[in-house]
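What follows is a set of notes on a single structure, which appears directly below.
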Amino acid sequence: MTASPDKYSILLERCRGLAPVPTAVAHPCDESSLSGALDAARLGLIVPLLVGPEAKIRAVAERAALPLDGVTIIDAPHSHAAAARAVLAVRSGEAELLMKGSLHSDELLHEVASLTTGLRTERRLSHVFAMDVPSYHKPLFITDAAVNIFPKLADKADIVRNAIELAQALGIAAPKVAILAAVETVSDKMPSTIDAAALCKMAERGQITGAVLDGPLAFDNAISKEAARIKGIVSEVAGDPDILLVPDLEAGNMLAKQLTFLAGAQAAGIVLGARVPIILTSRADNVQARIGSCAIAVLVAHARRAPLTTESL
């Protein structure tokens with residue numbers, strides 16, 4: 001997942017010895033998505049089931065010199081059908097993970113969210129960026145920057161629960177959650193600060209478990225102990241969060257992309273809250289981001305079978 005070879009190899013090493021997970025890859029009809037799935041298979045992370053127009057998949061593979069020997073292809077005429085058939089593969093037990101290919105995220109998530117044929121649970125779907133920021137001392141999880149546009153309080157509770165479970169699946173027993181806002185004080189003029197305070201009270205009352213929450217926190221005092229000290233903030237989370245819960249999608253998306261393009265961060269993306277983890281990559285993602293996303297999904301899938309006991313990232 002990371003720009004640092006050491007941290008990246010640690011993530012892959014955590015997957016060593018784990019059985020590759022059958023993964024339905026929806027419409028891998030360009031070189032980037034097809035090679036990402038095949039690279040993950042070569043590394044022993046997944047067993048890909050390529051779902052899409054077979055002739056088109058084979059043509060892409062031939063142009064890019066990508067071997068398809070022994071790879072299962074499930075023919076589907078177009079991207080809509082590929083998304084539906086990939087979801088069906090999970091429902092029927094053919095696959096244990098779902099991976100986005102060269103189709104729009106909305107197209108795949110529409111099928112996932114279907115009340116009758118999808119993969120919904122009682123938990124709201126949400127996206128997590130697992131990031132390696134060179135200037136930060138440990139992996140950083142940002143949520144939600146891709147699915148929920150303007151989440152309400154109940155949505156945020158599910159978003160943070162999803163992120164906590166992801167961190168725990170990666171070996172972080174009690175992740176620290178910083179609930180971000182523009183300021184660190186509660187104000188009725190800024191609804192995100194009220195949501196943050198309510199989430200912290202929910203954690204105190206056992207409605208959100210498994211993590212230490214604090215907020216509202218502005219980004220500076222969430223990330224920097226010194227900034228928090230200067231502002232007189234006494235917090236177990238400030239300066240050491242594992243998870244940043246953003247107020248809305250725009251804030252999260254801009255934060256993640258700023259860290260990627262200005263701070264040299266590497267980001268892996270995954271959607272949680274469905275029956276299985278969903279590997280949601282972008283066409284702009286590099287090889288490490290794609291493989292990192294697969295590795296994280298594999299660890300989550302295995303953690304759901306039996307809790308991991310290895311050390312955190």
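The values are calculated or read from the model by the stated rules, or taken from the named source; none is laboratory data. In this text, all values refer to a predicted model and were calculated from it rather than measured experimentally. So basically every Cβ, Gly included, is an ideal-geometry build from the backbone, and we count neighbours across all protein chains shown.
Assorted remarks:
- Apart from one condition, A86 fits all of (1) closer than 21 Å to N286 by Cβ; (2) buried (at least 20 other Cβ atoms within 10 Å of the Cβ); (3) at pLDDT 95 or above; the exception is (1).
- Selection within the stretch 241-258: residues that are among the charged types (D, E, K, R) and surrounded by fewer than 18 Cβ atoms within 10 Å (Cβ to Cβ). The member of this set that is modelled with the lowest pLDDT is K257.
- Only one entry in V71, V51, V47 is farther than 29 Å from A145 by Cα and either small (G, A, S) or touching a strand residue (DSSP E or B) at 6+ places or on another chain (Cβ under 8 Å) (or both), namely V71.
- Helices (runs of 4 or more DSSP H) wholly inside the stretch 207-310 containing at least 2 residues that are farther than 30 Å from L50 by Cα: 219-223, 225-230, 249-263
- Number of residues in the stretch 86-140 that are among the hydroxyl-bearing types (S, T, Y) and in contact with a strand residue (DSSP E or B) (Cβ under 7 Å, 6 or more places away or on another chain) equals 2.
- Checked against the criterion of being surrounded by fewer than 24 Cβ atoms within 10 Å (Cβ to Cβ) and on the phi < 0 side of the Ramachandran plot, the candidates A268, A197 yield just one match: A197.
- Criterion violated by S32 - all others in (1) within 25 Å of A265 (Cα to Cα); (2) among the polar types (S, T, N, Q); (3) surrounded by fewer than 17 Cβ atoms within 10 Å (Cβ to Cβ) satisfied: (3)
- Residue count for the stretch 62-87 under the criterion of being assigned to a strand (DSSP E or B) and of a type outside the set (A, V, I, L, M, F, W, C): the result is 2.
- Any hit, the stretch 127-139, residues being modelled with pLDDT under 95, more than 15 Å from the chain's Cα centre (by Cα) and buried (at least 23 other Cβ atoms within 10 Å of the Cβ): no
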